[in-house]
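The values are calculated or read from the model by the stated rules, or taken from the named source; none is laboratory data. These numbers come from a predicted model, not from an experiment. Here Cβ is always computed from backbone atoms with ideal geometry, including for glycine, and neighbour counts include all displayed protein chains.
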Amino acid sequence: MVVQAPGRMELQEFELLKTPADHVLVKTTVTSVCSTDIKVFKGHTPVGRYPLVMGHEIAGKVVEIGSEAAKWYNINPGDRITVEPYIACGRCNYSRSDHFYHHCTHGGIYGISLPCDTPPYLFGGYSEYVYLVPGTIVHKQNEHMADSAASISSVVANGVRWVKTLGKIQFGESVVISGPGSQGLCSLAAALHSGAQPVVVLGLDCDTDRLKLAKEFGAHHVINVDRENPVEAVARVIPDGPDAVVETSGSPEGIRAAIEMVRRAGRVINIGLSGGLETPIKFDELVWKSVSLISGLGQAGNVSDAMKLIDTGKYPFEKINNRSYRLEELSRAIKDTEERPAGFIKGAVVF
């Protein structure tokens, strides 16, 4: 599926070219639909390049490895892999960092910034095949890992990033996850695996199925903030306030509530995009309470941990992708991701 221009998408066929020496050819198995795809499809991202094959949450099977690429990767044809979306140049300072190589401006992002008007054309997951360019980081799936779980390895890695790398959440600390979408559910798994306790998940009336899945993941408490004041409800569970709040909703109400409920000297990890909305904040409150406000982007350096977390089998990551679509149904998948019909958690294109 090719986005010819913002808001206009059509099914196209491409001839598979000989795999360049420094590329890897992958047959796609599952590509998860990300909310970022909505922005890319509509042209609401500064890095989108058209015409474009979207899709950056990719799981697939190795088909062919170029002679040069074979020197870099410990993979073989037939291996099942997942692909990190960010491609670093390997030369700039960001590229040489452990957790910020996704800020490299010389590389690219699969399904977002690599247009399909340059051979070998196929650089996005909404295609039967994807070519992997130099600088790509791949991770092998074990034989038991579901493709639907592997496809969200970058989302699980986001959860690891918010909890471990940015939030520095420790064993026994109390945590609130604001928002039970895929980001929140993966943050929940990372927090539980780190030994955090209690872990509380906040959601809305429309999040009934997501909150139910949060309980299945192992959340100690779930709270419907459409029916209870979140600050008061959290205070009943954690009287002194949580050590950390991972705010994934991006709503101004959620951000302000996170700052209000966190304990003195606590941390608020704010990663939910607000879509350009401004959130008025009383900075006096941050100062008086000594609150650390932390923000961050992407999963750089955390996908290996995410694959280990998925491998444990302790958390039903495969249930996050609870809607499947054929490639030809991508427009509906994007619409469902935006409008969230009843029971919808996350969608995936399955090949």
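Return the residues of region 270-293 that are free of Cβ contacts under 8 Å to residues at least 24 places away in the same chain and in contact with a Gly (Cβ under 7 Å, 6 or more places away or on another chain); say none if nothing qualifies.
Selection gives L273 alone.
If I ask for residues that are β-branched (V, I, T) and surrounded by 23 or more Cβ atoms within 10 Å (Cβ to Cβ), which ones from region 30-41 would you list? Even if it seems obvious, please write down each step before you answer.
Taking region 30-41 as the starting set, the residues that turn out to be β-branched (V, I, T) are 30-31, 33, 36, 38, 40.
Hits for region 30-41 are V30, T31, V33, V40.
Select, from D37, D22, the only residue that is in a helix (DSSP H, G or I) and modelled with pLDDT of 95 or more.
Values: D22 fails: in a helix (DSSP H, G or I).
Answer to the check: D37.
Scan region 271-288 for residues that are modelled with pLDDT of 95 or more and crowded, with 17+ Cβ neighbours inside 10 Å and report the count.
Residues meeting the conditions: 0.
Considering only residues that are under 22 Å from G313 (Cβ atoms) and polar (S, T, N, Q), look in region 142-184 and name the one that is modelled with the lowest pLDDT.
N142
Which pairs do you get when a residue that is under 10 Å from R161 (Cβ atoms), found in region 296-315, comes within reach of a residue that is of a type in the set (K, R) and surrounded by 13 or more Cβ atoms within 10 Å (Cβ to Cβ), reach meaning Cβ atoms under 6 angstrom, with the pair 6+ apart or on two chains?
Between residues of region 296-315 that are under 10 Å from R161 (Cβ atoms) and residues that are of a type in the set (K, R) and surrounded by 13 or more Cβ atoms within 10 Å (Cβ to Cβ), the close pairs are Q299/R161; N302/R161.
Enumerate the helices (runs of 4 or more DSSP H) found wholly within region 283-351, keeping only those where 3 or more residues are within 17 Å of the chain's Cα centre (by Cα).
Result: 303-311, 330-339.
Against the definition (assigned to a loop (DSSP other than H, G, I, E, B), of a type outside the set (S, T, Y) and closer than 22 Å to V163 by Cβ), how does L273 come out, yes or no? So that I can check it myself, show each step before the final result.
On the way: assigned to a loop (DSSP other than H, G, I, E, B): yes; of a type outside the set (S, T, Y): yes; closer than 22 Å to V163 by Cβ: yes.
The answer is yes for L273.
Go through (1) buried (at least 22 other Cβ atoms within 10 Å of the Cβ); (2) part of a loop (DSSP other than H, G, I, E, B) and name the single condition E228 misses.
(1)
Determine, yes or no, whether S187 is touching a strand residue (DSSP E or B) at 6+ places or on another chain (Cβ under 6 Å) and either modelled with pLDDT of 95 or more or surrounded by fewer than 24 Cβ atoms within 10 Å (Cβ to Cβ) (or both).
Working: touching a strand residue (DSSP E or B) at 6+ places or on another chain (Cβ under 6 Å): yes; either modelled with pLDDT of 95 or more or surrounded by fewer than 24 Cβ atoms within 10 Å (Cβ to Cβ) (or both): yes.
The answer is yes for S187.
Could you tell me whether any residue of region 332-345 is of a type in the set (S, T, N, Q), outside the structural domain of Y86 (by TED's automatic domain parsing), closer than 21 Å to S178 by Cα and in contact with a helix residue (DSSP H, G or I) (Cβ under 9 Å, 6 or more places away or on another chain)? Quick ask: steps written out before the conclusion?
Step one: filter region 332-345 for residues of a type in the set (S, T, N, Q), giving 337.
Filter again for outside the structural domain of Y86 (by TED's automatic domain parsing), leaving none.
No.
Looking at (1) touching a Lys or Arg at 6+ places or on another chain (Cβ under 7 Å); (2) crowded, with 24+ Cβ neighbours inside 10 Å, can you tell me which one T248 breaks?
(1)
Keeping to region 46-71, report how many residues are free of Cβ contacts under 8 Å to residues at least 12 places away in the same chain and either surrounded by 15 or more Cβ atoms within 10 Å (Cβ to Cβ) or farther than 23 Å from P115 by Cβ (or both). Explain how you work it out, then say what you get.
Our first condition is that a residue be free of Cβ contacts under 8 Å to residues at least 12 places away in the same chain; within region 46-71, this holds for 46, 70-71.
Of the ones still in play, those that are also either surrounded by 15 or more Cβ atoms within 10 Å (Cβ to Cβ) or farther than 23 Å from P115 by Cβ (or both) are 70-71.
Total satisfying the criteria: 2.
Go through T36, T45, T31 for me and flag whichever is β-branched (V, I, T) and touching a helix residue (DSSP H, G or I) at 6+ places or on another chain (Cβ under 6 Å). Explain how you work it out, then say what you get.
Working: T36 fails: touching a helix residue (DSSP H, G or I) at 6+ places or on another chain (Cβ under 6 Å); T31 fails: touching a helix residue (DSSP H, G or I) at 6+ places or on another chain (Cβ under 6 Å).
Only one candidate passes the filter, namely T45.
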